[in-house]
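Working notes, beginning with the structure itself.
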Amino acid sequence: MGLHGKVAVVTGAGAGLGRAEALALAAAGASVVLGDVSPDAADVVDEIEALGGKALLVRGDVSERSTADELVSTAVERFGGLHVLVNNAGVLRDRMLFSMSDEEWDTVIRVHLRGHFLLSRNASAYWRDKSKKDGAPVYGRVVNTSSEAFLLGSAGQANYAAAKAGIVALTLATARGLARYGVRANAICPRARTAMTEHVFGPAPQGQDPLSPEHVAPFVTYLAGPEAQAISGQLFVVYGGMVALVSAPVVE
Ligand code: ADP
């Protein structure tokens, strides 16, 4: 129970990786505020409560400032603080670059990059203020969700690849700028079969199980935990040793 007494915010917690992350953090003892646009996320609150954990849902779009505000204020006012932020919410609008619409570009950049920014900004402000008030470093952990697409590109996902590159830079800036207040920030490039990524991954290589969100979540719990105190500004490929280079099917 390495996160006993800690409070976590997890975005995109209604499905896939975010759901597994929320469950794993709760199993480690954290109270979890789940953020998601989807009403299905209420089922994840029920799952956590059925296991004896504490969870609350804030429904809304993470790229709206009001949602980001409510996620942090719910953690602080209902659970007494904020210690862990896991940014995971995302959408895809795959299309080859030559025919990608403005809306497809803007939506993906907005949900991923602005969503990560708003939550990171709000959590950082809370941690900076708390550290100054207490006169001591806080317990603050950020785990952001990037993708190998930021480095290798991905045909038909220029919007997603660009957002994921921005998330790496945001993570490094967070790690560097907030270290003095006690905050640690890292990013993962996960490979997990979810509703969002199903169309991207081919069959698992022979002899290998396809990685599921439940394989990735324990590492996020580790980064969120007290033992990761010395780890910040790092990017982790959580791929089970598989070769990267997946690509979305071409949508012209
Ligand atoms: P993955 O687990 O691979 O990230 P999923 O599609 O399984 O992908 O889950 C993504 C989650 O993010 C879903 O629960 C979805 O409802 C949520 N989500 C998508 N867009 C937003 C948004 N703008 N604000 C909050 N949550 C979002």
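Readers should treat all values here as calculations from the given coordinates under stated rules, not as data from a laboratory. Please read all numbers here as calculations on a predicted model, not as lab measurements. FYI the Cβ positions are ideal-geometry reconstructions off the backbone, even for glycines, and counts take in every protein chain you see.
Taking every alpha-carbon pair in the range 108-174 and binning the separations at 5 Å intervals from zero gives 3, 18, 24, 19, 13, 9, 7, 4, 2, 1 percent. The alpha carbons of the chain give a radius of gyration and a Dmax of 17.3, 55 Å, in that order.
With respect to the chain, whose longest principal axis is taken over its alpha-carbon atoms, helix 158-178 is tilted by about 30°. Our note on the geometry: Cα centres of the range 48-112 and the range 148-176, 17 Å apart.
Put in order of Cβ neighbour count within 10 Å, fewest first, the listed residues VAL9, VAL45, VAL183 become VAL45, VAL183, VAL9.
Computed on the Cα trace of the range 90-229, the radius of gyration divided by the Kirkwood hydrodynamic radius gives Rg/Rh = 1.03. Using only side-chain charges placed at the Cβ, +1 for Lys and Arg and -1 for Asp and Glu, the dipole size of the range 43-98 relative to its Cα centre rounds to 220 debye. Across the range 14-29, rounded Karplus estimates of 3J(HN,Hα) from the backbone phi angles (6.51 cos²θ - 1.76 cosθ + 1.60, θ = phi - 60°) give x, 7, x, 5, x, 4, 5, 5, 4, 5, 5, 5, 5, 5, 7, x Hz, Gly and Pro being marked x.
Close lysine pairs were tallied over the chain: pairs 8 or more places apart or on different chains with Cα atoms under 29 Å apart number 8. Taking other C-beta atoms within 10 Å as the exposure proxy, HIS215, HIS4, HIS112 rank HIS4, HIS215, HIS112 from fewest upward. Rounded to the nearest Hz, the phi-derived 3J(HN,Hα) couplings of the range 48-59 under the Karplus curve 6.51 cos²θ - 1.76 cosθ + 1.60 (θ = phi - 60°) are 5, 5, 5, 8, x, x, 10, 8, 9, 10, 10, 8, where x marks glycine and proline.
In order along the range 125-141, phi translates into HN-Hα couplings of 5, 4, 5, 4, 4, 5, 4, 5, 5, 7, x, 8, x, 8, 9, x, 9 Hz, rounded to whole numbers, per the Karplus curve 6.51 cos²θ - 1.76 cosθ + 1.60 with θ = phi - 60° and x for Gly and Pro. Only DSSP H runs of four or more residues enter the estimate; each adds -39500 (n - 2.57), and after division by the residues of the chain the mean residue ellipticity at 222 nm equals -12500 deg cm²/dmol.
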